[in-house]
1. Along the positive direction of the dipole of the stretch 27-205 (beta-carbon charges: Lys, Arg +1; Asp, Glu -1; about the Cα centre), which of GLY198, GLY124, ASN91 reaches farthest?
2. On a full-extension model of 0.36 nm per residue, what is the gain between GLU193 and ARG117, subtracting their alpha-carbon distance, rounded to one decimal in nm?
3. So for the pair HIS51, ASN65, with labels modelled 7 Å out along Cα→Cβ, what separation do we get in nm?
4. Return the distance in nm (one decimal) between the two label points of a simple spin-label model at ALA183 and ALA162, each offset 7 Å from Cα along Cα→Cβ.
5. How high is the relative contact order of the stretch 27-205, given as a whole-number percent (alpha carbon pairs under 8 Å, six or more residues apart)?
6. According to a simple spin-label model (label point 7 Å from Cα along Cα-to-Cβ), what is the distance in nm between ASN132 and ARG92?
7. Mean residue ellipticity at 222 nm from the helices of the chain, using -39,500 (n - 2.57) per DSSP H segment of n ≥ 4 over the full residue count, to the nearest 500 deg cm²/dmol?
8. Tell me the carbon and sulfur percent of the accessible area for the stretch 27-205, rounded to whole percent, probe radius 1.4 Å.
Amino acid sequence: MKRSIATALWLGLSASLVAASPLVAGEAGDMVFAERGPWSLEPEGLSWSVHVDGPDAAGFLHVENGSVTLNEVIDPSDNQPALQLTQETDNRTREIGPFPISGGDPVLTFFLEQTTRDIAKLTGGSPYYIRNRMKDALFRGGELSQDGNIASFQPFEDDPNAAQMKGFETLTLTFTLDEEPEAPIRELQARTEGDAPGYINRMVLQ
């Protein structure tokens, strides 16, 4: 399956589990990074609820009832259509973008980068190392459920630096996909096992 421009977005970071037996390496990642669109965003855009929790740490943002909304806008730099995210947390609102309109998935990019930053803040680790481990898992590993609708990844399983991961060695990324590959991802979740660190980042399509 052809991977979308979202792959390039994640690689370049241009944005400011019913597990079955493993299939061919990379197939789960192909499903997650499939080309999506054209987006049906009228009149109010597509919205995902957001819940983020974990231990208290400097710079880590708990989000009880947040949202991320995807809309089409006009990019003022060239007056062409583009995609934009609006993030609402418990106490602030910000706009993220613009993103290219053709084929990409800004919500996926946002989720992956937010998870990377959270892990870095909660462990004190290098975001570059964390990001590279996640990319390796997403593009080369992963598992698909029997019906192909749930893709899961464990980017820090058997990590050589597990002793410094402060519980994130148990992290699982789970993506609940629509039956139509081009449709938006229905749920994106990053969760650790057990009480420590008790991290979760969950986005659900409304």
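The values are calculated or read from the model by the stated rules, or taken from the named source; none is laboratory data. Note that the structure is a prediction, hence the values are computed from the model and not measured. Cβ coordinates were reconstructed from backbone atoms using ideal geometry, including for glycine residues, and neighbour counts include every protein chain displayed. Note: areas computed on protein heavy atoms with side chains; ligands, DNA, RNA excluded. Shrake-Rupley method; radii C 1.70, N 1.55, O 1.52, S 1.80 Å.
1. GLY124
2. So the chain would gain 25.5 nm between GLU193 and ARG117.
3. That separation, rounded to one decimal, is 1.3 nm.
4. 3.8
5. Relative CO of the stretch 27-205 lands at 24 percent.
6. Result for the modelled spin labels: 3.0 nm.
7. Calculated mean residue ellipticity at 222 nm is -7000 deg cm²/dmol.
8. 44
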